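J.: Here it is: the structure, laid out below.
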Amino acid sequence: MRKNLRAWVKIARARLPDVVKQAILDRFPDPNDALLVDLSELSGTARKAFAPGMTLESHADPAAVDKDCSWLGGGERCVIGISEADYPALLRQISDPPLVLYTAGDHSLLACHGLAIVGSRNPTPIGREIAHGIARQLSAGGAVVVSGLATGIDGAAHYGALEARGSTVAVCATGLDLVYPRCHTALADRICRDGLLISEYPPGTGVRRYHFPHRNRLISGLTLGTLIVEAASRSGSLITARLAAEQGRDVFAVPGSIHSPLSRGPHLLIRDGARLVESINDIYAELPSLGHAGLNENRSPEPVIERALLLEAVDYVPTTLDQIIERSGLTITEICAMLIQKELLGEVRSCPGGYIRTVA
């Protein structure tokens, strides 16, 4: 069992404001010492609320602590305290980092460079494909894709990263023994196996509305930047973008049709200074470390010949899908998948009537 696991669980379960816990941990970083501090001896007005002899440990429910430790004893699960060396450095820099993180999976991913990808829960097919394609490319390059396990853009980003046999981190708004939404149970299981699930909430914690904005600060806080793919003007994704900006992180947005309500969020962000993203190169230009994160040695080789055939089949004038199929000899499924990637790379662009080649 991980050192200090039980102590950190007690701190997480202590029914006291985080500001009180933080004040103690600032003076006593070792959780075992922090648990025994007499709360009545705290400096400032906080001490007036506690009788002599009261401690963090006395405020923790022993039954809940035992239950959490039992859950943490199974699989690749652990708890990480804010004063520990493997607490994510980027997250520690935000104004209100969680004191304790519960994880399931490969928690070494918390030390890797990553990008958050979030957006609408009800995206268009092209929005879903863009999120999937960018996540796949980032992951293939060795970067970690972080999102919130929600339906829509979040799920597409997670799947894209996993498809590249890369890594993804899902920040959950519940305890890790529960999955929300339930339709992503299989996805959560796969992320636990091939990536990382993380939450600031103890096991058994159900979903609450206020959990989502709290979760969003972790999504942006764990990463170097946040990309928004399709979002209405009042989308929760814009909260994540605002938090990223407040945390001093880069904000990116994919533009869309002026007639689509899901373009309003990204367009507002771009107007306010977010970096416009037409291809993954726009992200690498701002965050070059993501492009040098180290290629994933386990990913499948790229179908270079097929991609070359596709590019040769697209003219510098509008080329229909039927023409591309006839010239390349590829299937419609292969072509659609590769066209999305070529478009993200800026090698082709869609237009009325088909696609136009933009590179020699």
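The values are calculated or read from the model by the stated rules, or taken from the named source; none is laboratory data. What you see is a predicted model, and the numbers here were worked out from it, not measured in a lab. Using ideal geometry, Cβ is built from the backbone for each residue, glycine included, and neighbour counts are taken over all protein chains shown.
J.: Would you pick out the residues in region 194-222 that are under 12 Å from Cys172 (Cα atoms), under 12 Å from the mean Cα position of the chain (by Cα) and in a helix (DSSP H, G or I)?
T.: Result: Arg215, Asn216, Arg217, Leu218, Ile219.
J.: Of all residues in region 109-133, which are closer than 18 Å to Gly221 by Cβ and more than 13 Å from the chain's Cα centre (by Cα)?
T.: Ala111
Conditions (1) touching a residue at least 60 places away in the same chain (Cβ under 8 Å); (2) outside any helix (DSSP H, G or I); (3) touching a strand residue (DSSP E or B) at 6+ places or on another chain (Cβ under 9 Å), marked per residue:
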{"residue": "Pro52", "(1), (2), (3)": "no, yes, no"}
{"residue": "Gly75", "(1), (2), (3)": "yes, yes, yes"}
{"residue": "Val79", "(1), (2), (3)": "yes, yes, yes"}
{"residue": "Ser83", "(1), (2), (3)": "no, yes, no"}
{"residue": "Tyr87", "(1), (2), (3)": "no, yes, yes"}
{"residue": "Leu101", "(1), (2), (3)": "yes, yes, yes"}
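J.: Go through Ile126, Ile130 for me and flag whichever is crowded, with 23+ Cβ neighbours inside 10 Å and either of a type in the set (A, V, I, L, M, F, W, C) or in contact (Cβ under 8 Å) with a residue 40 or more places away in the chain (or both).
T.: Ile130
J.: Among the residues of region 247-286, count how many are part of a helix (DSSP H, G or I), in contact (Cβ under 8 Å) with a residue 12 or more places away in the chain and not hydroxyl-bearing (Ser, Thr, Tyr).
T.: Of the residues in that region, 14 qualify.
J.: Run Tyr102 past the list (1) surrounded by fewer than 21 Cβ atoms within 10 Å (Cβ to Cβ); (2) closer than 17 Å to Thr168 by Cα; (3) aromatic (Phe, Trp, Tyr) and report the number of the one that doesn't hold.
T.: (1)
J.: If you take the residues in region 309-330 that are part of a loop (DSSP other than H, G, I, E, B) and either of a type in the set (A, V, I, L, M, F, W, C) or not assigned by TED's automatic domain parsing to the domain that holds Gly353 (or both), which one is surrounded by the fewest Cβ atoms within 10 Å (Cβ to Cβ)?
T.: Applying the filter and picking the extreme gives Val317.
J.: For region 81-90, what are the residues that are surrounded by fewer than 22 Cβ atoms within 10 Å (Cβ to Cβ) and within 17 Å of Leu196 (Cβ to Cβ)?
T.: Correct list: Glu84, Asp86, Tyr87, Ala89, Leu90.
J.: Follow-up. Taking the conditions exactly as written (more than 28 Å from the chain's Cα centre (by Cα), over 19 Å from His214 (Cβ atoms), modelled with pLDDT under 90 and not hydroxyl-bearing (Ser, Thr, Tyr)), does Arg47 satisfy them or not?
T.: Yes: the conditions hold for Arg47.
J.: Within region 60-107, how many residues are more than 24 Å from the chain's Cα centre (by Cα) and under 18 Å from Val19 (Cα atoms)?
T.: 1
J.: Answer yes or no as to whether Glu347 is at pLDDT 80 or above, among the charged types (D, E, K, R) and more than 23 Å from Glu163 (Cα to Cα).
T.: For Glu347, the condition - at pLDDT 80 or above, among the charged types (D, E, K, R) and more than 23 Å from Glu163 (Cα to Cα) - is not met.
J.: When you go through Leu110, Leu115 one by one, which is the residue that is out of contact with any Lys or Arg (no Cβ under 9 Å at 6 or more places or on another chain) and either of a type in the set (S, T, N, Q) or surrounded by 24 or more Cβ atoms within 10 Å (Cβ to Cβ) (or both)?
T.: Result of the check over Leu110, Leu115: Leu115.
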